[in-house]
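A short worksheet on the structure shown next.
The values are calculated or read from the model by the stated rules, or taken from the named source; none is laboratory data. Keep in mind that this is a model prediction, so the values were computed, not measured. Glycine also receives a Cβ, built like all others from the backbone with ideal geometry; neighbour counts cover every protein chain displayed. Ligands, DNA and RNA are stripped out before the accessible areas are found, and what is left, the full protein with its side chains, is counted by its heavy atoms. Shrake-Rupley method; radii C 1.70, N 1.55, O 1.52, S 1.80 Å.
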Amino acid sequence: MGKIIGIDLGTTNSCVSVLEGTNAQGLPEVKVIANAEGARTTPSVVAFTSKGERLVGQVARRQAATNPENTIAAVKRLMGQKFDSEAVRQHCRSVAYTVVRHSNGDAWVEVQGKSYSPPEISSYVLAALKEVAETYLGEPVTEAVITVPAYFDDAQRQATKDAGRIAGLEVKRILNEPTAAALAYGLDRKEREVIAVYDLGGGTFDISILEIQNGVFSVRATGGDTHLGGEDFDARIVNKLADEFHARYGVDLRIDRTALQRLREAAEKAKHELSASLETEINVPFIASGPEGPLHLQRTLKRSELEILTADLIERTIASCRAVLADAKLDVDKVSQVVLVGGMTRMPAVQRAVRELFQKEPHKGVNPDEVVSVGAAIHAAALGGEIDEVLLLDVTPLSIGVETGGGVFTRLIPRNTTVPTERSEIFTTSVDNQPFVPIHVLQGEREMAADNTSLARFELTGIPPAPRGVPKIQVTFRIDANGILSVEARDLGTGRAQAVSVTPTSGLSQAEIERLVREGEKYRESDVLRRELAEMRNQAETLIYTTDQALDGYADLLDPAQVEKVRTRVEALRKILETGASLDDLRAAYSELESVTFELAEAMYGGTTS
């Protein structure tokens, strides 16, 4: 069986790791795999060029300023989201690409006239990480553990699993990011320890309280915000700069997609620099045009300004921390360690807020960008039998229940219940001879059904005619280790299992997933051909250059007829390069030129003796 890899599918950057072996103490040695550019993290960015090429990672990010409407970043924020939600409306205001409403009400993205689901875009990032792992390992990779924010709901987790399947991966486990970080931090801890994992990434915030001891990781409580992260900090800087620019020149940079993308990149760079410096220079030349010519944006931004701009965002994370401590029924002095995860935890104001709340210095012994991927790889190795299995006792972040009379939300599985878990409820008919019972499953913490997230609607059918209230149908709701819900029903009168037809209120259907898997396989073939064509073009250009150099230097020493033959082949290959011929034609022309250059070399060195 091949290796199972661990993937941190992040909002801003993603990371892939794999177990390499164990050290002398028997602890796992995990390798964070660098991509083709040598970087240990890969930007979660996908771009589509005018030539129909699909770019992923750093190469996609580099061209974002010149191709903003066709460059998709932070799509994780759209996973499992409805188009009409406030979170999606806010997201649309901060990105240069187009977000559209799909027929099922989900938020999709539109590029070059074609609509893509967030799982499909995410699958391109996963496929790129899969290829990075395969190149490093030298063998096919088909299985993975993929992490998600602990506060992801059922629809978001299912969307992540769909993305993995589209990418050609069997997702062995959907693992919560704080739990993965705790695995990487505490696998060697023997004594009982209560830790808090504060995870502030590019798009999401999680806080989890865990108890760890001798390879047992028990989550006491979890909470967070799936729409709070580095992207929001960037947006504060962008809006501040754009408002000032508009006040000075009367030009709103947020309307121009190219200007907005350049402004976002400058804001992100300034944010990073202010983690180490007290002030930084923001300089974006030629960002717009006015009546008197080009306009430039130049401004000094101080760390204190950034802290004032984002103070409420940091306070939101602290409020979540207090709520989770209350859920775990713990005082801060009972927490022995606070582990910082996510790039935003490098911000001094964030570290200061955490220190003030927990009354201790945060632990900085793990790489906040890589620790989640490392933890995922450890769990993958445990699932694959490469290391001793670790016991993870995770919890469900949100309550699951059903809609009852008057539109009330009745909880069946309360939040922070250890998973996997199951709960049963008895349903019956409300009118005589009713042949079915409708059930609406929801997830959330609000009292009314309409205020929570709808997961699915289904009908229990085939109920024999009977007076109302007589049929007794037991419906069992199960949450698996991935945090994903499944439902089954049994008629207690007949003992027969009922066929539960679940119609998800969002997400991709099975047919859509299978179609995307087939398209992905087709695209992989075309991607290979494109790469081979690019490599062949590079070889051809090199051969033309070296042949021209040789002819310029040694033509007078060679037979003129032979020189003319070589020049003819050079021109033929150059013409094929210019016309964009097929790979087969290019190979044939390359082979012909290579053949005559060999003859040329033999003629030059034929008389030489060793």
For segment 355-377, enumerate the residues that are open to solvent by 10 Å² or more (accessible area, probe 1.4 Å) and β-branched (Val, Ile, Thr). 366, 374
Residue 189 fails exactly one of the following numbered conditions: (1) outside any loop (DSSP other than H, G, I, E, B); (2) at pLDDT below 95; (3) in contact with a strand residue (DSSP E or B) (Cβ under 6 Å, 6 or more places away or on another chain). What is the number of that condition? (1)
Looking only at segment 60-92, count how many residues are open to solvent by 20 Å² or more (accessible area, probe 1.4 Å), out of contact with any helix residue (DSSP H, G or I) (no Cβ under 8 Å at 6 or more places or on another chain) and within 26 Å of residue 149 (Cα to Cα). 8
Of the residues 64, 96, 60, 87, which is in contact (Cβ under 8 Å) with a residue 60 or more places away in the chain and either among the acidic types (Asp, Glu) or part of a helix (DSSP H, G or I) (or both)? 87
Considering segment 401-440 alone, what residues qualify as being touching a helix residue (DSSP H, G or I) at 6+ places or on another chain (Cβ under 7 Å) and surrounded by fewer than 17 Cβ atoms within 10 Å (Cβ to Cβ)? 407, 408
Determine the pairs where a residue that is more than 25 Å from residue 481 (Cα to Cα), located within segment 401-417, has a partner that is open to solvent by less than 30 Å² (accessible area, probe 1.4 Å) with Cβ atoms under 7 Å apart, the partner being 6 or more residues away or on another chain. 407/449; 408/449
For residue 156, which of the numbered conditions (1) open to solvent by less than 10 Å² (accessible area, probe 1.4 Å); (2) at pLDDT 95 or above fails to hold? (2)
Within the bounds of segment 230-248, is there any residue that is open to solvent by less than 10 Å² (accessible area, probe 1.4 Å), free of Cβ contacts under 8 Å to residues at least 60 places away in the same chain and in contact with a Phe, Trp or Tyr (Cβ under 8 Å, 6 or more places away or on another chain)? no
Could you check residue 316 against (1) at pLDDT 95 or above; (2) in contact with a Leu (Cβ under 9 Å, 6 or more places away or on another chain); (3) more than 30 Å from residue 414 (Cβ to Cβ); (4) of a type outside the set (A, V, I, L, M) and say which number it fails? (3)
Condition test on residue 561, is it at pLDDT 75 or above and either open to solvent by 40 Å² or more (accessible area, probe 1.4 Å) or in contact with a Leu (Cβ under 6 Å, 6 or more places away or on another chain) (or both)? yes
Given (1) crowded, with 19+ Cβ neighbours inside 10 Å; (2) among the charged types (D, E, K, R); (3) closer than 26 Å to residue 173 by Cβ, index of the condition residue 480 fails: (1)
Can you tell me which residue among 127, 181 is crowded, with 24+ Cβ neighbours inside 10 Å and not hydroxyl-bearing (Ser, Thr, Tyr)? 181
If I filter segment 189-225 down to residues being open to solvent by 10 Å² or more (accessible area, probe 1.4 Å) and out of contact with any Asp or Glu (no Cβ under 8 Å at 6 or more places or on another chain), which single residue comes out as nearest to residue 396 (Cα to Cα)? 225
Among the numbered conditions (1) closer than 24 Å to residue 15 by Cβ; (2) open to solvent by 30 Å² or more (accessible area, probe 1.4 Å); (3) assigned to a strand (DSSP E or B); (4) not small (Gly, Ala, Ser), tell me where residue 161 comes up short. (3)
Being of a type in the set (A, V, I, L, M, F, W, C), in a strand (DSSP E or B) and under 35 Å from the mean Cα position of the chain (by Cα), is that true of even one residue in segment 426-440? yes
Determine whether residue 517 is among the aliphatic types (A, V, I, L, M), more than 20 Å from residue 53 (Cβ to Cβ) and either open to solvent by 60 Å² or more (accessible area, probe 1.4 Å) or at pLDDT 80 or above (or both). no
Within segment 305-321, can you find the residues that are hydroxyl-bearing (Ser, Thr, Tyr) and more than 13 Å from residue 207 (Cα to Cα)? 310
For segment 467-491, how many residues meet the condition of being within 19 Å of residue 441 (Cβ to Cβ), basic (Lys, Arg) and modelled with pLDDT of 85 or more? 1
Out of the residues in segment 586-610 that are open to solvent by 70 Å² or more (accessible area, probe 1.4 Å) and at pLDDT 85 or above, state the one that is nearest to residue 558 (Cα to Cα). 592
Kindly provide the set of residues from segment 4-48 that are over 19 Å from the mean Cα position of the chain (by Cα), of a type outside the set (A, V, I, L, M, F, W, C) and either crowded, with 22+ Cβ neighbours inside 10 Å or part of a strand (DSSP E or B) (or both), ordered by number. 20, 21, 22, 28, 29, 31
Every residue in segment 450-494 that is assigned to a strand (DSSP E or B), farther than 23 Å from residue 79 by Cα and among the polar types (S, T, N, Q), please. 474, 476
